[in-house]
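Please read the structure below before turning to the comments.
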Ligand SMILES: Cc1cc2nc3c(=O)[nH]c(=O)nc-3n(C[C@H](O)[C@H](O)[C@H](O)COP(=O)(O)O)c2cc1C
């Protein structure tokens, strides 16, 4: 892999504020981006996410006021709403299935199940934990999108309750973690502003 090209794609990615409404992401490219989400790491391998792709323009229009009226919501090609599972990771039939697929000895499986149960029972909020996994998937998808010239904008500026109501979600099962708008920029990206390497990296 060409390191320079990979770093260039990190510079290419920016929080795109306005997308070209006439340009659509080809199905193949969208699937490529979604695969980066599906293959993302998650704590204990629980994959506590759904990747919901909003393609209907009418639905984007309804969602926009609940998302601080941000133009990315209606101008993007695909609006990705990542929802975090909130009950399945605490249900034994779910997590047992997730561990069992790793084909480990029975004794080790039992150990995993015990440790995991203790962990999940002590969580302050399952949503708080699973939403964090969704952010990892989102980051991978945005990086992959940038590698193939697709722009994105992560969006935390939304009224969670309203978005969930519009989507008709059963919030005892899943809740909105993060929104990512995907498409093609209209304007040039502003210059990247980042703290210097030495200000954020520590070798200890
Ligand atoms: C979790 C998260 C939530 C964000 N929410 C919004 C948002 O609601 N609207 C927006 O325009 N940008 C949003 N951003 C974009 C950031 O403002 C942007 O990534 C940051 O200023 C750095 O700029 P760059 O991504 O263009 O390099 C969000 C970024 C992250 C990581």
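The values are calculated or read from the model by the stated rules, or taken from the named source; none is laboratory data. Keep in mind it's a predicted model, so treat the numbers as computed, not measured. Please note: Cβ atoms are built from the backbone with ideal geometry, for glycine as well, and neighbour counts cover all protein chains shown.
Is it true that some residue in the stretch 83-100 is crowded, with 17+ Cβ neighbours inside 10 Å, without any contact (Cβ under 8 Å) to a residue 40 or more places away in the chain and within 14 Å of the ligand (Cβ to nearest atom)? No, the stretch 83-100 contains no residue that is crowded, with 17+ Cβ neighbours inside 10 Å, without any contact (Cβ under 8 Å) to a residue 40 or more places away in the chain and within 14 Å of the ligand (Cβ to nearest atom).
Residues are listed down the side, and each one gets a yes or a no for (1) in contact with a helix residue (DSSP H, G or I) (Cβ under 9 Å, 6 or more places away or on another chain); (2) surrounded by fewer than 21 Cβ atoms within 10 Å (Cβ to Cβ); (3) modelled with pLDDT of 95 or more; (4) within 17 Å of residue 65 (Cα to Cα):
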residue	(1), (2), (3), (4)
139	no, yes, yes, no
152	yes, no, yes, no
157	yes, yes, yes, yes
163	yes, yes, yes, yes
172	no, yes, yes, no
177	yes, no, yes, no
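Out of the helices (runs of 4 or more DSSP H) lying entirely within the stretch 71-162, which hold 2 or more residues that are within 28 Å of residue 6 (Cα to Cα)?
Values: elements: 72-75, 92-100, 106-121, 126-147.
Helices (runs of 4 or more DSSP H) meeting the threshold: 72-75, 126-147.
With respect to residue 73, determine if the residue is at pLDDT 95 or above and under 15 Å from the mean Cα position of the chain (by Cα). Against the criterion (at pLDDT 95 or above and under 15 Å from the mean Cα position of the chain (by Cα)), residue 73 does not qualify.
Taking the conditions exactly as written (in contact with a strand residue (DSSP E or B) (Cβ under 8 Å, 6 or more places away or on another chain), modelled with pLDDT of 95 or more, under 30 Å from residue 62 (Cα atoms) and surrounded by 15 or more Cβ atoms within 10 Å (Cβ to Cβ)), does residue 135 satisfy them or not? It is true that residue 135 is in contact with a strand residue (DSSP E or B) (Cβ under 8 Å, 6 or more places away or on another chain), modelled with pLDDT of 95 or more, under 30 Å from residue 62 (Cα atoms) and surrounded by 15 or more Cβ atoms within 10 Å (Cβ to Cβ).
Please verify whether residue 127 is free of Cβ contacts under 8 Å to residues at least 60 places away in the same chain and in contact with a strand residue (DSSP E or B) (Cβ under 8 Å, 6 or more places away or on another chain), treating the condition exactly as stated.
Taking the combined requirement at face value, the residue satisfies it.
Residues 47, 103, 78: which one is touching a residue at least 24 places away in the same chain (Cβ under 8 Å) and at positive phi? Walk me through how you get there before you give the answer.
Working: 103 fails: touching a residue at least 24 places away in the same chain (Cβ under 8 Å); 78 fails: at positive phi.
None of the others qualify; the one that does is 47.
Selection of the stretch 179-204 for residues being loosely packed, with under 13 Cβ neighbours inside 10 Å and more than 13 Å from the ligand (Cβ to nearest atom) yields 196, 197, 198, 199, 200, 201, 202, 203, 204.
Quick one: would you say residue 32 is within 21 Å of residue 143 (Cβ to Cβ) and within 16 Å of the ligand (Cβ to nearest atom)?
Working: within 21 Å of residue 143 (Cβ to Cβ): yes; within 16 Å of the ligand (Cβ to nearest atom): no.
So residue 32 does not fit the description; no.
A Cβ distance below 8 Å, combined with a sequence gap of six or more or placement on separate chains, defines the contacts here; from the stretch 132-149, residues that are on the phi > 0 side of the Ramachandran plot reach residues that are at pLDDT 95 or above and within 12 Å of the ligand (Cβ to nearest atom) in the pairs 149/12.
Candidates 127, 184, 144: the one that is under 23 Å from the mean Cα position of the chain (by Cα) and within 19 Å of residue 83 (Cβ to Cβ) is 127.
Can you tell me which residues in the stretch 126-149 are away from the ligand (no atom under 12 Å from the Cβ) and farther than 14 Å from residue 51 by Cβ?
Just the residues of the stretch 126-149 that are away from the ligand (no atom under 12 Å from the Cβ), to begin with: 126-130, 133, 137, 140-141, 144-145, 147-149.
Of everything in the stretch 126-149, those that are away from the ligand (no atom under 12 Å from the Cβ) and farther than 14 Å from residue 51 by Cβ turn out to be 126, 127, 128, 129, 147, 148, 149.
Taken over the stretch 150-178, residues that are touching a residue at least 40 places away in the same chain (Cβ under 8 Å), away from the ligand (no atom under 16 Å from the Cβ) and under 12 Å from residue 83 (Cβ atoms) amount to 5.
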